[in-house]
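Trainee: Please read through the structure below; I'll follow up with questions.
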Amino acid sequence: MDWHDTPEQAQFRREVRDLIENGLPQRYREAAARGGPGERAWEFDRRSSDPAAREAANAWHAALYERRWVAPHWPAEYGGGGLSPMEQFILNQELAWAGAPAVGGSGVAMLGPTLITHGSEEQKQQYLPGILAGEVVWAQGYSEPGAGSDLASLQTRAVRDGDDYILNGQKIWTSGAHTADAIFALVRTDPEAPKHRGISFVLIEDINAPGVTVRPLVDMGGRHYFNEVFFDDVRIPAQNVVGEENRGWYVGMTLLDFERSNISGAVNARRSLQRLLNTIADDPDLAARVRGKPLQCDLAERYVETEVMYQFSLRVISMQNRGQIPNHEASAAKLFSSELSQRLAQTGMQVAGLKANLLEDGPASSLAHHYIGMVPATVRGGTSEVQRNVIATRGLGLPRG
């Protein structure tokens, strides 16, 4: 398989690199040198109390917006880039290498394509421009305390009351809800229907509306990324249902079909390993600890695994480029990526030894923070158990247990 760029792809890659060179704010360059700006950096900077963070977020959004690359996967008629799968892949690849944050959050990545596919014309006109302009950031309300891996068991209710629905229930692990303006959610509108039916996809336009409560979930590293969201008699217009009532499961699953190549995960794995190797090279004690020891073999294995992860991404994007929708192939890539990220973090901790207990500033502290940050990797975005089930049933044709 020849993975070299065609002349057209090489030209597009140069355009992306030029944009990064001329448009990426210094804040994100410095963050990339430290290991990356972190997930949802643009969303958090957009609402930061630090003027410099807000300025960087606005400048980076403006640079992408000018090229119509805020939503490269959206059709041009809706303000997107209309890029081919390979162009999207190259764009995401170069942004990941540069440590440049994505902009627009779940609204760009998930809700926009879903509205384009299932939304009414009125919904498209009402919501898509604000998402593109960075004026409205959306959070995703899917998981619940009793409905994570088995999402179809969700219990948040929406009861019809005239021209409105009244929502009651709870969502959990809601990424970035504390900086979002709005939230889309799956809710149960027919409790008597089988669990994959009777679910509707709804839009709550104001995450600060009466009855909506966002509570932080702080992780073991002291970072606030996840949230709980409670709905207590929250009233929304019936017109805020996307697609057909009680058919929201199929709308929601369409949403999950977008951007499955996970090239950013493959690039981040390479970057994480290179940072670890640089840390070892800069510290004679760590270098002596690794040289000629089993840890050296572990590092070699991690290198091979990062290359395998990269090939997973290339396989998925090659399918998308042929007009195919990856299914079990994407699950295999997600599974491998999640578990590789944890193995990389574990290897880093073993290399650091007792220094890995440090959480203060310094190379060892970055390894410790990375290790803590990777704890939920095999849970978020679909657990490893769910991915293995998909691979077994859809990829290998095995019967359901």
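Trainee: Between a residue in region 40-53 that is more than 17 Å from residue 24 (Cβ to Cβ) and any residue that is surrounded by fewer than 18 Cβ atoms within 10 Å (Cβ to Cβ) and modelled with pLDDT of 95 or more, which pairs come within a Cβ distance under 9 Å, given they are 6 or more apart or on different chains?
Mentor: These pairs meet every condition: 47/54; 48/54.
Trainee: If you go through region 302-313 one residue at a time, do you hit one that is touching a residue at least 40 places away in the same chain (Cβ under 8 Å) and of a type in the set (Gly, Ala, Ser)?
Mentor: yes
Trainee: From the list 15, 43, 39, pick out the single residue that is closer than 22 Å to residue 275 by Cα and outside the structural domain of residue 279 (by TED's automatic domain parsing).
Mentor: Working: 15 fails: closer than 22 Å to residue 275 by Cα; 43 fails: closer than 22 Å to residue 275 by Cα.
Of the residues listed, the single one that is closer than 22 Å to residue 275 by Cα and outside the structural domain of residue 279 (by TED's automatic domain parsing) is 39.
Trainee: Consider region 163-200. How many of its residues are out of contact with any helix residue (DSSP H, G or I) (no Cβ under 6 Å at 6 or more places or on another chain) and either free of Cβ contacts under 8 Å to residues at least 12 places away in the same chain or of a type in the set (Lys, Arg) (or both)?
Mentor: 5
Trainee: Do any residues in region 376-389 that are over 18 Å from residue 145 (Cβ atoms) have Cβ atoms under 9 Å from those of residues that are aromatic (Phe, Trp, Tyr) and surrounded by fewer than 16 Cβ atoms within 10 Å (Cβ to Cβ), where the two are at least six apart or on different chains, and which pairs are they?
Mentor: Correct list of pairs: empty, since none qualify.
Trainee: While we're looking at this one, here's another question. Residue check: is residue 186 within 20 Å of residue 381 (Cα to Cα), at pLDDT below 95 and of a type in the set (A, V, I, L, M)?
Mentor: No; evaluated as a whole, the condition is false for this residue.
Trainee: Just checking, which of 109, 98 is in the same structural domain as residue 21 (by TED's automatic domain parsing), at pLDDT below 95 and within 16 Å of residue 41 (Cα to Cα)?
Mentor: 98
Trainee: Same structure, new question: Which of (1) farther than 27 Å from residue 73 by Cα; (2) hydrophobic (A, V, I, L, M, F, W, C); (3) modelled with pLDDT under 85; (4) surrounded by fewer than 19 Cβ atoms within 10 Å (Cβ to Cβ) does residue 325 not meet, given it meets every other one?
Mentor: Here residue 325 meets the rest and fails (1).
Trainee: With the checklist (1) part of a helix (DSSP H, G or I); (2) under 12 Å from residue 102 (Cα atoms); (3) free of Cβ contacts under 8 Å to residues at least 40 places away in the same chain in hand, flag the one item residue 60 doesn't pass.
Mentor: Result: residue 60 passes all but (3).
Trainee: To continue, here is another question. On the given criteria, is residue 142 closer than 23 Å to residue 234 by Cβ, touching a Lys or Arg at 6+ places or on another chain (Cβ under 9 Å) and of a type in the set (Ser, Thr, Tyr)?
Mentor: In short, yes.
Trainee: Just one of (1) surrounded by 18 or more Cβ atoms within 10 Å (Cβ to Cβ); (2) part of a helix (DSSP H, G or I); (3) within 24 Å of the chain's Cα centre (by Cα) trips up residue 376, so point out which.
Mentor: With (1) surrounded by 18 or more Cβ atoms within 10 Å (Cβ to Cβ); (2) part of a helix (DSSP H, G or I); (3) within 24 Å of the chain's Cα centre (by Cα) applied to residue 376, the lone miss is (1).
Trainee: With the condition kept exactly as written, say whether any residue in region 251-271 is more than 16 Å from residue 203 (Cβ to Cβ), surrounded by fewer than 16 Cβ atoms within 10 Å (Cβ to Cβ) and at pLDDT 85 or above.
Mentor: Checking region 251-271: not a single residue is more than 16 Å from residue 203 (Cβ to Cβ), surrounded by fewer than 16 Cβ atoms within 10 Å (Cβ to Cβ) and at pLDDT 85 or above.
Trainee: Might you let me know whether region 207-226 holds any residue that is within 20 Å of the chain's Cα centre (by Cα), buried (at least 23 other Cβ atoms within 10 Å of the Cβ) and not in a loop (DSSP other than H, G, I, E, B)?
Mentor: No, there is no match, as no residue in region 207-226 is within 20 Å of the chain's Cα centre (by Cα), buried (at least 23 other Cβ atoms within 10 Å of the Cβ) and not in a loop (DSSP other than H, G, I, E, B).
Trainee: Condition first: closer than 26 Å to residue 253 by Cα, polar (S, T, N, Q) and at pLDDT 80 or above. Can you find one or more residues in region 343-355 that meet it?
Mentor: No: region 343-355 contains no residue that is closer than 26 Å to residue 253 by Cα, polar (S, T, N, Q) and at pLDDT 80 or above.
Trainee: Next question. Need pairs with beta-carbon distance below 6 Å; first residue assigned by TED's automatic domain parsing to the domain that holds residue 17 and within region 65-90, second of a type in the set (Phe, Trp, Tyr); sequence gap 6+ or separate chains.
Mentor: 80/74; 81/69; 87/12; 90/12
Trainee: Between 267, 251, 308, which is assigned to a helix (DSSP H, G or I), in contact with a Phe, Trp or Tyr (Cβ under 8 Å, 6 or more places away or on another chain) and outside the structural domain of residue 349 (by TED's automatic domain parsing)?
Mentor: On the way: 267 fails: outside the structural domain of residue 349 (by TED's automatic domain parsing); 308 fails: outside the structural domain of residue 349 (by TED's automatic domain parsing).
Going through 267, 251, 308 in turn, the sole match is 251.
Trainee: Continuing with this model, one more query. Given the condition surrounded by 13 or more Cβ atoms within 10 Å (Cβ to Cβ), part of a helix (DSSP H, G or I), in contact (Cβ under 8 Å) with a residue 24 or more places away in the chain and small (Gly, Ala, Ser), answer yes or no: does some residue in region 287-296 qualify?
Mentor: no
Trainee: Can you pull out every residue in region 100-135 that is hydrophobic (A, V, I, L, M, F, W, C) and either touching a residue at least 40 places away in the same chain (Cβ under 8 Å) or surrounded by fewer than 18 Cβ atoms within 10 Å (Cβ to Cβ) (or both)?
Mentor: 100, 102, 103, 109, 110, 111, 115, 116, 128, 131, 132, 133
The values are calculated or read from the model by the stated rules, or taken from the named source; none is laboratory data. Everything quoted here is computed from the prediction, not taken from an experiment. Glycine also receives a Cβ, built like all others from the backbone with ideal geometry; neighbour counts cover every protein chain displayed.
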